[in-house]
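Novice: Pasting a structure here, questions to come.
A short reminder: the numbers here are calculations on the coordinates, not readings from a lab. Nothing here was measured: the structure is a model prediction, and the numbers come from that model. For neighbour counting, all protein chains shown are included, and Cβ atoms are generated from backbone atoms with ideal geometry for every residue, glycine included.
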Ligand code: PGA
């Protein structure tokens, strides 16, 4: 068993300045908890990244963005885009890349691979999201789809040390449906072995998709799982804290 677990919040298009109070409450909780056990990271909207990093100490709660530009790691004539340099300048440490909601909105494997390079150029840690659709799941293609997404994302990469992978079945995101823990246990074990063999590195694998205080006990049974990417249940400090409490109960 690995000791440190990731509890990563993905706020998506939620949160304004006043909601940073939730991050403050979480910071307070983490401080009193056994901090060495937890890596607490919140990926909030661009608009409150700076205010969030100013409000909490990164020793307890780290802040990340939910995407970056694929055009440049620096500056350029790209209206509406935000680069890894800009995110880093706000003292962010992480970035989510390849989330299925961004993929559905046009993000593709090539861009995602490029974004990983650009994120790493500014020393951001990458949370790479992968996962299959319900159709692929029904056709028993889950592993093939995830394998392909990872291989394409890691094409020509020399250093994978700053990468975390979040496996999120698309049909589980925001639906309240979570795959059976025995199925997930096997899936994670297979994925872990595949990555170890192919890339010669131990990359933390997380589960994402409808994680809540009600199912975290079941999800804890996934042996190769190093933590969670949490959407809806990360928006309120109480829900998020309850997940951690249940996990360590
Ligand atoms: P959810 O979202 O926990 O609300 O299902 C997870 C995610 O999309 O990262």
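Novice: Who wins for biggest fluctuation among 191, 235, 155 in a Gaussian network model of the chain, springs between alpha carbons below 10 Å?
Specialist: 155
Novice: Moving on to the next point. Sticking with the crude label model, points 7 Å out along Cα→Cβ, report the distance from residue 91 to residue 37 in nm, one decimal please.
Specialist: The modelled label-to-label distance comes out at 2.8 nm.
Novice: Could you work out how far apart the two model spin labels at residue 81 and residue 175 are, taking each label as a point 7 Å from the Cα in the direction of the beta carbon, and quote it in nm?
Specialist: The two pseudo-label positions are separated by 3.4 nm.
Novice: Within segment 80-111, find all residues whose amide N lies under 17 Å from a label point positioned 7 Å from the Cα of residue 157 along Cα-to-beta-carbon.
Specialist: Of the residues in segment 80-111, 84, 93-100, 103, 108-111 have backbone N under 17 Å from the label point off residue 157.
Novice: Now for a different question. Could you calculate the FRET efficiency of residue 14 with residue 197 from 1/(1 + (r/R0)^6), where r is the beta carbon distance between them and R0 is 51 Å, rounded to 0.05?
Specialist: Once rounded, the FRET efficiency stands at 0.85.
Novice: Compute the Cα gyration tensor for segment 47-110, then decide on rounded, prolate or oblate, letting a ≥ b ≥ c be the square roots of its eigenvalues: rounded whenever a/c is under 1.5, prolate when a/b is larger than b/c in the other cases, and oblate in all that remain.
Specialist: Oblate, because a/c is 1.5 or more while a/b does not exceed b/c.
Novice: Additional query: Using R₀ = 25 Å, calculate the FRET efficiency as 1/(1 + (r/R₀)^6) where r is the Cβ-Cβ separation of residue 74 and residue 54; round to 0.05.
Specialist: So the FRET efficiency works out to roughly 0.60.
Novice: What order do you get for 177, 8 when you list them from fewest to most C-beta neighbours inside 10 Å? Mind showing how you got there, number by number?
Specialist: Values: 177 12, 8 25.
Listed from fewest to most nearby Cβ atoms, that is 177, 8.
Novice: So how do 240, 183, 247 line up by other beta-carbon neighbours within 10 Å, fewest first?
Specialist: Ranking 240, 183, 247 by Cβ neighbours within 10 Å, fewest first, gives 183, 247, 240.
Novice: If we count other beta carbons within 10 Å of each Cβ, what is the order of 188, 78, fewest first?
Specialist: Numbers: 188 19, 78 12.
By the 10 Å Cβ count, ascending, the order reads 78, 188.
Novice: Moving to a separate point now. Using a 7 Å offset from the Cα along the Cα-to-Cβ direction at both residue 104 and residue 138, what is the distance between the two label points in nm, to one decimal?
Specialist: 1.7
Novice: Translational diffusion coefficient, Stokes-Einstein: compute it for segment 151-219 using the Kirkwood radius over C-alpha pairs as Rh, at 20 °C and 1.002 mPa s, and state it as an integer in µm² s⁻¹.
Specialist: Values: Rh = 13.3 Å.
This corresponds to a translational diffusion coefficient of 161 µm²/s.
Novice: Where does the chain land at 222 nm, in deg cm²/dmol rounded to the nearest 500, when only DSSP H runs of n ≥ 4 count, each adding -39500 (n - 2.57), divided by all residues?
Specialist: Mean residue ellipticity at 222 nm (helix-derived): -11000 deg cm²/dmol.
Novice: May I have the convex hull volume per residue, in Å³, for the Cα set of the chain?
Specialist: 118
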